[in-house]
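One structure below.
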Amino acid sequence: MTLPAIEGRALSRTYGGFRALDGVDLKVARGEVRGIIGPNGAGKSTLMDVLTGRAATRGGTVLLGGRDISALAPRARQRAGLARSFQKTNVFLDLTVGEQIRLAGRCATLDNGEEVLVALGLAEIAHRPAADISYGDRRRLDLALALVGRPQVLLLDEPAAGLTVEESLAMADLLKDLARRWHVTVLLVEHDMEVVFGICDRITVLHLGRLLAEGTPAEIRSDPRVISAYLGTAA
Ligand SMILES: Nc1ncnc2c1ncn2[C@@H]1O[C@H](COP(=O)(O)OP(=O)(O)O)[C@@H](O)[C@H]1O
Ligand SMILES: [Mg+2]
């Protein structure tokens, strides 16, 4: 692999003596869409928190495009090109869709707010307060906000949570398309296996805070350890 877009080395995090993340290594290539899967409590959100600096890693290193960003605060990591969206929607309900995007654009190094509005199909509802739009549109707005500034690396924690099957697949297609067009590297935590296996180039499986497996969707789907720890026989 040439220089990974993002790399984590020996990432660990404990909560009151409990090892939520235990020595996880991760290398994601530029432009890759990487799925992060695993049972509830496996450490997926903790991994996102440690990469973005929301939670400190005990030892361990985070590199963004080869640069060690371990000592940077979350805002500085964001300015360096690392964006994230959260498991729960992060939207200010009083502002209109357009106001939120424009506000985010003004704060970003590259103001591509208008482009994001159009690319995510939000231009038609730009005038509407976020409180009045559908849940599906709100999740699309979450994704849009994370894409403002064209991050190098985008971390998404269950962007399709609560969406219908059709909405999830539409969002997955959109995400794949934008990642390709804008050369964004994506780390995607997602429970919907149809979404994960449909759009990810590679998949990382966490279990009990550790790396259980990593590989292509085909490798992961047929990995006996992954099947017994997570996918079950239904996969
Ligand atoms: N802020 C926290 N305080 C205490 N325990 C936490 C905290 N965040 C996560 N944990 C624990 O760490 C483990 C991993 O959590 P998490 O990373 O949220 O898992 P996942 O996202 O894979 O469901 C869980 O057992 C969870 O209870
Ligand atoms: Mg989680």
In degrees rounded to 10, the 0-90 angle between helix 135-147 Cα long axis and the longest Cα principal axis of the chain is 80
Pseudo-spin-label distance Glu114 to Ala29, built 7 Å along Cα→Cβ, given in nm, is 3.6
Per the rule of 0.36 nm per residue minus the C-alpha distance, extending Leu103 to Asp173 adds in nm 22.6 nm
If one compares the long axis through the Cα atoms of helix 97-107 with the longest principal axis of the Cα atoms of the chain, the angle in degrees, nearest 10, works out at 70
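Need one number for the stretch 89-235: average projected area of the convex hull over its C-alpha atoms, nm². Please report the intermediate quantities before stating the final value.
Details: hull surface 37.1 nm².
Its Cα hull, projected and averaged over all orientations, spans 9.3 nm².
Percent of Cα-Cα pairs more than 16 Å apart in the stretch 87-150, please.
Details: 667 of 2016 pairs.
So the portion of pairs separated by more than 16 Å is 33 percent.
Quote the relative contact order of the chain in percent (integer), defining contacts as alpha-carbon pairs under 8 Å separated by 6+ residues. Mind showing how you got there, number by number?
Numbers: 461 pairs, mean separation 61.0, N = 235.
Relative contact order, the chain: 26 percent.
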Computed over the stretch 29-108, the relative contact order (Cα-Cα under 8 Å, seq sep at least six) in percent reads 18
Log10 I(q)/I(0) at q = 0.15, 0.23 Å⁻¹ for the stretch 136-195, from Debye over equal alpha-carbon scatterers, is -0.39, -0.94
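Which percent of the accessible heavy-atom area of the chain goes to carbon and sulfur, probe 1.4 angstrom?
On the way: 5670 of 10830 Å².
C and S fraction of accessible area: 52 percent.
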Distance in nm between Val165 and Asp132 label points, each 7 Å along Cα→Cβ, equals 3.3
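Could you calculate the FRET efficiency of Tyr15 with His191 from 1/(1 + (r/R0)^6), where r is the beta carbon distance between them and R0 is 25 Å, rounded to 0.05? The partial results should precede the final answer.
Numbers: r = 22 Å, r/R0 = 0.87.
So the FRET efficiency works out to roughly 0.70.
How about the stretch 27-110: which trypsin sites (Lys or Arg not before Pro) there are in a DSSP loop, with at most 12 other Cβ atoms within 10 Å of their Cβ?
Details: sites: Lys27, Arg30, Arg34, Lys44, Arg54, Arg58, Arg67, Arg75, Arg77, Arg79, Arg84, Lys88, Arg102, Arg106; in loops: Arg30, Arg54, Arg58, Lys88.
Filter output for the stretch 27-110: Lys88.
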Rounded to the nearest 10, the angle in degrees between the Cα long axis of helix 165-182 and the longest principal axis of the Cα atoms of the chain comes to 90
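Any idea of the accessible area per residue across the chain, 1.4 Å probe, to the nearest Å²? The partial results should precede the final answer.
On the way: 10830 Å² over 235 residues.
On a per-residue basis, the chain sits at 46 Å².
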Check: C-alpha center the stretch 41-83 vs C-alpha center the stretch 147-210, spacing in Å is 18
Karplus-derived 3J(HN,Hα) from phi for the stretch 32-45 (6.51 cos²θ - 1.76 cosθ + 1.60, θ = phi - 60°), whole Hz, x at Gly and Pro, runs 6, 9, 10, x, 10, 10, x, x, 3, x, 5, x, 5, 5
If R0 = 35 Å, then Ala80 and Arg181, at their Cβ-Cβ distance, give a FRET efficiency to the nearest 0.05 of 0.95
The relative contact order of the stretch 13-66, taking Cα pairs under 8 Å that sit 6 or more residues apart, comes to a percentage of 36
In nanometres, the difference between 0.36 nm per residue of separation and the alpha-carbon distance of Glu124 and Leu208 is 25.9 nm
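The values are calculated or read from the model by the stated rules, or taken from the named source; none is laboratory data. Keep in mind it's a predicted model, so treat the numbers as computed, not measured. A quick note on method: Cβ atoms are made from the backbone with ideal geometry, for glycine too, and the neighbour counts reach across all protein chains shown. These accessible areas exclude ligands, DNA and RNA; they are computed on the full protein's heavy atoms, side chains included. Shrake-Rupley method; radii C 1.70, N 1.55, O 1.52, S 1.80 Å.
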